[in-house]
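Before any comments, here is the structure.
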Amino acid sequence: MTERRVHVTGWGRYVPSQVLSNADLERMVDTSDEWIVSRTGIRERRVAAADETTASMAAVAALRAIRTAGIDPDEIDLILLATLTPDYWMPSTAALVKEAIGNTRAAAMDVAAACSGFVYAYASAQAWIAAGLAKHVLVIGAELLSRFLDYTDRGTCILFGDGAGAVVLSASDEPGGSLAVELTTEPQGAYMIWLPAGGAKSPPSSETIARGEHYIRMEGRETYRFATKTMATTALESVRKSGLDPSEVALFIPHQANVRIIEAVAKGLQLPMDRMYTNVDRYGNTSAASVPIALAEAVNEGRVQVGDNVTLVAFGAGFTSGAVTVNWTADPARGRDVDALVDRRDVRVRLPVDWDSVDPIPPALAELMARPGSLDVPLDDVVPGEPEPASHAPAR
Ligand code: ACO
C-alpha cells in the first residue's frame, strides 16, 4: 500500500437562521447578558427550525463542502458524521445524509466523541485515505443541541447552539496537507458531561423523563479545568509531531466552547489571541460542528492562506480531546460564494413512512420560533407523508 498525502479540498458550513440571544435567555432563566458574555464570550446562538434535523443541516454543509471541492457527490467514497445529537439511534445520521446529497457509492457511519467528534472523524478519514482505502472522504460535524437542553438549567442552556460544518479530504501526491494527529480519551471525566437516559443502561421511560434525564448534564467547573489543561497540551503535541513550533502555526481553530478557554489555550502556547480563531460569540458551543464551522468561516474570511500551517483542536465529553495540524493547500477563494449556490430548501432528507412525528421544538423555545420574522414552518411539514418518487425528489 502506498502512503498518500491527505489534503482538505472542500469546506462548508450551515447554521439555522433563527437567533437565540442572551436577552431571550434572560426571559427563560435567572441569568444576564453581562454574566453570559463575561463568563463565556457568547452573545447569541442559532436554533434549528421545526423542519430541520441533524441530517438536514449536515447535508447542506456537506453539499457546500463538495461544491467547494469541485467534485461530484458520487465521488465521495466514505462519509463520517460526528454528532452527539443523531436524528435516531438507528439508522446512522450519515446514512440519511448520503441519500440527501445524492451519493450512491459511499460507506457511511457516525462517529461519537462529543465535541471532539469532528477531529476524531477527520483523523479516521486521514487514516482511510493514507491506507489507500478511499480517495475522497466527506467529514461532517453536525449538532441539533437545542432539542437536548433543559431550558430551566442556566448552567447548560446558555452555552449550546445548533449548526453543521463539513470538509472534503482528498488523496493527493502533492506536498502539504494533513500532518500529525493527537487524540486522547480520559474516562475519569465520563460523568462530567453526559446525557443519562435513553441508552441501554437507563432506557427511556416516563420516570427518566420526569427526572429530566434526557437532557445534557454538565459539571461546568470540572469541565473547564480539563479543557484549559488539555486543549493546549493536545494542540502542542500535534504541532510537535508535525515537526513544527507553535510559532510556525498561522492559525489555531479551537473548539468554540468558551472564549476564556480559548484565551487559556493561547496563553498555554505563549501566542497572542489573534492566532486563535473565534466565533463563539455568534454561535455558542455547537459541539462537533464547532471546529468545521469555524474552519470554513476562517478560510472564507481570508484568515488562512496557501502554505499556512493550521491546527484544529477540540475537547469534549468522555473526556476526549483531539488535534490535527494541516499545511493548507487549497485556494481560499473557492468556498466564498458557495452558500448562495446550495440553499437549504433545495436539500431534502427522506422521512419515514407510517410514522407520526411530534412537534420537535422545545416548549421553552416555542414563543421565540413563532415570532414574526422567524421561519414559519407548519407542523404538517415535519409529519411524514408519502415518500417522493426516488428518482426525482422535487426541491422545496
Ligand atoms: N447565569 C448567571 N449565573 C450563573 C449561570 C448563568 N447562566 N450559570 C451559573 N451561574 C452561577 C452559579 O450558580 C454560581 O453561583 P454561586 O457562586 O452562587 O454558586 C456562579 O454563577 C459561578 O458559577 P461557576 O460554575 O463557577 O461559573 P464559571 O465561571 O465556572 O462558568 C461555565 C461556568 C461558563 C459553565 C464554565 O464553567 C465553563 O465554560 N465550563 C466548560 C463548559 C464546556 O465547555 N462544556 C462543553 C463541553 S464540550 C462537550 O462535549 C459537550
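Inside region 172-226, residues that are within 30 Å of residue 306 (Cα to Cα) and exposed (fewer than 13 other Cβ atoms within 10 Å of the Cβ) make up a count of 3. Kindly indicate which of 82, 50, 59, 69 is aliphatic (A, V, I, L, M), in contact with a Pro (Cβ under 8 Å, 6 or more places away or on another chain) and in contact (Cβ under 8 Å) with a residue 12 or more places away in the chain. It is 50.
Could you list, in sequence order, the residues of region 140-190 that are aliphatic (A, V, I, L, M), away from the ligand (no atom under 12 Å from the Cβ) and not in a loop (DSSP other than H, G, I, E, B)? Outline the logic, then answer.
If we filter region 140-190 for residues that are aliphatic (A, V, I, L, M), which is where we start, we get 140, 142, 144-145, 149, 158-159, 164, 166-169, 171, 179-181, 183, 190.
Keeping just the survivors that are away from the ligand (no atom under 12 Å from the Cβ) gives 140, 142, 144, 164, 166-169, 171, 179-181, 183.
Within region 140-190, 140, 142, 164, 166, 167, 168, 169, 171, 179, 180, 181, 183 qualify.
Quickly run through region 30-45 and pick out the residues that are part of a loop (DSSP other than H, G, I, E, B) and within 6 Å of the ligand (Cβ to nearest atom). So that I can check it myself, show each step before the final result.
Here is the first cut: in region 30-45, the residues part of a loop (DSSP other than H, G, I, E, B) are 30-32, 41-43.
The one that is part of a loop (DSSP other than H, G, I, E, B) and within 6 Å of the ligand (Cβ to nearest atom): 31.
Any idea how many residues of region 74-99 are part of a helix (DSSP H, G or I) and either within 16 Å of the ligand (Cβ to nearest atom) or buried (at least 22 other Cβ atoms within 10 Å of the Cβ) (or both)?
Result for region 74-99: 5.
Can you confirm whether residue 318 is more than 15 Å from the ligand (Cβ to nearest atom), of a type outside the set (A, V, I, L, M) and part of a loop (DSSP other than H, G, I, E, B)? Answer is no for this residue. With respect to (1) within 14 Å of the ligand (Cβ to nearest atom); (2) in contact with an Asp or Glu (Cβ under 9 Å, 6 or more places away or on another chain); (3) charged (D, E, K, R), the lone exception for residue 13 is condition (1).
Please enumerate the residues belonging to region 262-283 that are assigned to a helix (DSSP H, G or I), within 15 Å of the ligand (Cβ to nearest atom) and within 18 Å of the chain's Cα centre (by Cα).
From region 262-283, those assigned to a helix (DSSP H, G or I) are 262-268, 273-275, 280-283; that's our starting set.
In the following step, the residues that additionally are within 15 Å of the ligand (Cβ to nearest atom) were identified as 262-265, 280-281, 283.
Correct list: 262, 280, 281, 283.
Read-outs: derived from the displayed coordinates by stated rules, not from any lab. All figures in this text were calculated on a predicted structure; none of them were measured in a lab. Heads up, the Cβs are rebuilt from the backbone with ideal geometry, glycines too, and the neighbour counts pull from every protein chain shown.
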